[in-house]
Amino acid sequence: VASSGGNPYYMIELLRNGTEAIDGYEAPRSLTRLLHGRVMALGAEARRLLEVCCVLAKHSTLERIEACTHLTRSALLQALDELEFSGMIELQLARILCRHDLLSSVVTAQMSAAARTMLHRFAGAMLEEEAATTQAVGLIWDTAEHWLAACDASRAIQSLRRCGNHLMDVGMPSEAVRVFERAESLTSSTHLKYAIGAARSRALLEAERPLEAIAALE
């Protein structure tokens, strides 16, 4: 239902393909070809704006889109009009979202690796700046995921460690454990693993999980 975006044809094709699939579900090629053609028919600025919306996902607010694209107001309005008239975006409060999951996957797949990496880098830097002010845990976590997608694991680890330390400061050690585990899994450096593991052990102790803390220390 989410992937069809309310389009009956999309729904029928998705259901038919789902019932016929043997080795796991994949979107039908008929739909991906159709959507790919529609995306490539967009003007350059509209297509780039749609790519930004897909990369930002749930964080795709008007303000963030404007910051990522640096389009003139006239070009931004024209691109938004083109996307809305094409049925590719929808407005939810202050967010501009890709119309449905299938379209988002097609848009992401047709982007060049370099462009996709750079957009994730833009998103990571922007969300990181916001997170430094708000200390919103979800925002910090998503910042790390953008840095990972931008092939910058060190920035992702930094974000997660800051998130874990903040959670410890506000008395949420169990949540900090999960964040430190994620950070530890991203590095191959023995020194860094030790530092993060020590922080995870402290979090486990504060969460009153002593046996796990001892295992982590060992």
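So that you can scan it fast, the table gives a plain yes or no per residue for (1) open to solvent by less than 60 Å² (accessible area, probe 1.4 Å); (2) in contact (Cβ under 8 Å) with a residue 12 or more places away in the chain; (3) of a type in the set (Asp, Glu):
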{"residue": "Cys98", "(1), (2), (3)": "yes, yes, no"}
{"residue": "Asp101", "(1), (2), (3)": "no, yes, yes"}
{"residue": "Gln110", "(1), (2), (3)": "yes, yes, no"}
{"residue": "Glu129", "(1), (2), (3)": "no, no, yes"}
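Which pairs have Cβ atoms under 8 Å, sit 6 or more apart or on different chains, and link a residue in segment 185-207 that is outside any helix (DSSP H, G or I) to one that is of a type in the set (S, T, N, Q) and open to solvent by 50 Å² or more (accessible area, probe 1.4 Å)?
From residues that are outside any helix (DSSP H, G or I), the pairs are Ala207/Ser174.
What are the residues in segment 148-175 that are over 14 Å from Val137 (Cα atoms), of a type outside the set (Gly, Ala, Ser) and open to solvent by 40 Å² or more (accessible area, probe 1.4 Å), if any?
Across segment 148-175, the qualifying residues are Leu148, Cys151, Arg155.
Filter segment 38-53 down to the residues that are of a type in the set (Gly, Ala, Ser) and assigned to a loop (DSSP other than H, G, I, E, B), then identify the one that is farthest from Ile65 (Cα to Cα).
Within segment 38-53, the match that is farthest from Ile65 (Cα to Cα) is Ala41.
So Leu93 fits all but one of (1) open to solvent by less than 20 Å² (accessible area, probe 1.4 Å); (2) farther than 23 Å from Arg33 by Cα; (3) at pLDDT below 90; what number is the exception?
Only one criterion in (1) open to solvent by less than 20 Å² (accessible area, probe 1.4 Å); (2) farther than 23 Å from Arg33 by Cα; (3) at pLDDT below 90 is unmet by Leu93, namely (1).
Taking only segment 66-87 into account, find how many residues are under 19 Å from the mean Cα position of the chain (by Cα) and either more than 19 Å from His146 (Cβ to Cβ) or without any contact (Cβ under 8 Å) to a residue 40 or more places away in the chain (or both).
Final tally of qualifying residues: 2.
The values are calculated or read from the model by the stated rules, or taken from the named source; none is laboratory data. Note that this is a predicted model, so its numbers are computed, not measured. A quick note on method: Cβ atoms are made from the backbone with ideal geometry, for glycine too, and the neighbour counts reach across all protein chains shown. Heavy atoms of the whole protein, side chains included, go into the accessibility calculation; ligands, DNA and RNA do not. Shrake-Rupley method; radii C 1.70, N 1.55, O 1.52, S 1.80 Å.
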